[in-house]
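Presented below is the structure to which this report refers.
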Amino acid sequence: MRVVHTPLHERHDGAYELHRGALVPSFESPERVHIILQALEQAGYGVMPPREFPEAALLRVHDAEFVEFLRTAHARWRASGRDGSMLPSGFPARGLRRDRRPSGINGAMGWYTFDASTPIVAGTWEAVIAAAQCALTAAALVAEGESAAYALCRPPGHHAGRSFYGGYCYLNNAALAAQYLRDHGCGRVAVLDVDYHHGNGTQEIFWERDDVMFVSLHASPETEYPYFLGYADECGAGAGEGCTLNLPLPLGTRWPEYRAALDLAFEAIDRHAPAALVVSLGVDTFEADPISAFKLTTADYRELGACLAARGLPTVVVQEGGYAVAEIGANVAGVLGAFAGRTL
Ligand code: OKP
Ligand code: ZN
């Protein structure tokens, strides 16, 4: 299994985020990828840089004005006399207008994001398009006949929607990979999101589609981020009705219950009969994750990898979250090992 990676992710290094009432150093750090890469290189994986893709590939999933906002946001911020991390301070919640996008950068930021944990710095856009290209490259490898490929994306993507960012995510890498597969001869695609947090962006992007199914295992939004989406009664709409499946799980979930939910996920995926699988791989379900509360162990990630690889579907694995930096390499390598056994 090939690993697609570029050091350009380092250009994105948000200084801090709003977390439980305080500005704290960003959990989503370049070190995460350094440690994953080290573990995969040690395990002997072939690492390759991403190919270049035209902007049209992004616009298959994202709104053009939104992409333009991300591209120019930090320059606008600097032009207004500031520097460093951009964070918003107001959002168009209930009772406020959603039909007028403010012309100023502060209002535009609140318009396009939904939280204050997703900083934009001078190099964010460079890292964001590099991550998108990693995901597209992994999808291209699979479209061209590889049985599996891994995109070591950073920043992650599953909270980003057609025209919004948030949750450390700017462009939706997994959605771009799924759309690329659809556009290059692949039949139906299933996106399976195993990050601790609900993939609200991916759900939004494919909500009304029956050609890309979205299935997510995550901590219940009753208490966990992103709080306002990810309940079991969200099933898709229009042509996509029945093509979204949410399996929210309680705090403290361990492997046996997780595994049972995974079986339900695959029952639904099997009914959809996809030609390929995209896995949004977050390892923030780990017992020592600093912002999460599931209890998976490093050994459990090998089981998870075995469950995913056993489907025998062409698979694009896209990196999402995971903030227990010391163990993130072993946990990701644990999942990928099962695929590598099948494809090396
Ligand atoms: C991104 B991914 C809670 C703040 C939550 C955002 C978490 C984003 C997770 N106080 N901050 O799904 O791993
Ligand atoms: Zn997460």
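The values are calculated or read from the model by the stated rules, or taken from the named source; none is laboratory data. Nothing here was measured: the structure is a model prediction, and the numbers come from that model. Counting neighbours? That spans all protein chains shown, and the Cβs are built from the backbone with ideal geometry, glycine included. Protein only, heavy atoms only, side chains kept; ligands, DNA and RNA dropped before computing areas. Shrake-Rupley method; radii C 1.70, N 1.55, O 1.52, S 1.80 Å.
Values computed for the structure shown
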quantity: Which numbered condition residue 205 fails, given (1) in contact with a strand residue (DSSP E or B) (Cβ under 7 Å, 6 or more places away or on another chain); (2) within 16 Å of ligand 2 (Cβ to nearest atom); (3) part of a helix (DSSP H, G or I); calculated: (2)
quantity: Residue ranges of helices (runs of 4 or more DSSP H) in the range 233-344 with at least 3 members of a type in the set (Ser, Thr, Tyr) and modelled with pLDDT of 95 or more; calculated: none
quantity: Subset of the range 16-30 [within 15 Å of ligand 1 (Cβ to nearest atom) and either touching a residue at least 40 places away in the same chain (Cβ under 8 Å) or buried (at least 18 other Cβ atoms within 10 Å of the Cβ) (or both)]; calculated: 16, 17, 18, 19, 26, 27, 28, 29
quantity: Filter result (over 19 Å from the mean Cα position of the chain (by Cα) and among the acidic types (Asp, Glu)) within the range 76-127; calculated: 83, 99
quantity: Single unsatisfied condition, residue 175 versus (1) touching a strand residue (DSSP E or B) at 6+ places or on another chain (Cβ under 7 Å); (2) open to solvent by less than 10 Å² (accessible area, probe 1.4 Å); (3) over 18 Å from residue 270 (Cβ atoms); calculated: (1)
quantity: Subset of the range 33-54 [farther than 20 Å from residue 122 by Cβ, surrounded by 13 or more Cβ atoms within 10 Å (Cβ to Cβ) and touching a residue at least 12 places away in the same chain (Cβ under 8 Å)]; calculated: 35, 36, 37, 39, 40, 43, 45, 47, 48, 49, 50, 53
quantity: Selection within the range 235-265 - within 13 Å of residue 190 (Cα to Cα) and open to solvent by 10 Å² or more (accessible area, probe 1.4 Å); calculated: 242, 243, 245
quantity: Odd one out for residue 279 among (1) surrounded by 21 or more Cβ atoms within 10 Å (Cβ to Cβ); (2) more than 19 Å from the chain's Cα centre (by Cα); calculated: (2)
quantity: Residue match in the range 130-151 (condition: part of a loop (DSSP other than H, G, I, E, B) and within 16 Å of ligand 2 (Cβ to nearest atom)); calculated: no
quantity: Odd one out for residue 194 among (1) farther than 27 Å from residue 110 by Cβ; (2) more than 12 Å from ligand 1 (Cβ to nearest atom); calculated: (2)
quantity: Selected residue (criterion: nearest to residue 292 (Cα to Cα)) from residues of the range 254-270 that are touching a strand residue (DSSP E or B) at 6+ places or on another chain (Cβ under 9 Å) and without any contact (Cβ under 8 Å) to a residue 24 or more places away in the chain; calculated: 257
quantity: Sole residue being open to solvent by 20 Å² or more (accessible area, probe 1.4 Å) and within 28 Å of residue 295 (Cα to Cα), chosen from 180, 168, 196; calculated: 168
quantity: Test: residue in the range 224-232 that is surrounded by 18 or more Cβ atoms within 10 Å (Cβ to Cβ), under 24 Å from residue 319 (Cβ atoms) and more than 16 Å from ligand 2 (Cβ to nearest atom); calculated: no
quantity: Candidate set from the range 145-165 (those that are more than 26 Å from residue 264 (Cα to Cα) and open to solvent by 10 Å² or more (accessible area, probe 1.4 Å)); member that is nearest to ligand 1 (Cβ to nearest atom); calculated: 164
quantity: Residue in the range 313-324 that is in contact (Cβ under 8 Å) with a residue 24 or more places away in the chain, farther than 21 Å from residue 157 by Cβ and more than 16 Å from ligand 2 (Cβ to nearest atom) present; calculated: no
quantity: Selected residue (only one of 328, 291 is within 16 Å of ligand 2 (Cβ to nearest atom) and surrounded by fewer than 23 Cβ atoms within 10 Å (Cβ to Cβ)); calculated: 291
quantity: The range 107-120 residues that are over 22 Å from residue 30 (Cα atoms) and modelled with pLDDT of 95 or more, paired with ones that are assigned to a helix (DSSP H, G or I) and among the hydroxyl-bearing types (Ser, Thr, Tyr) (beta carbon under 8 Å, 6 or more apart); calculated: none
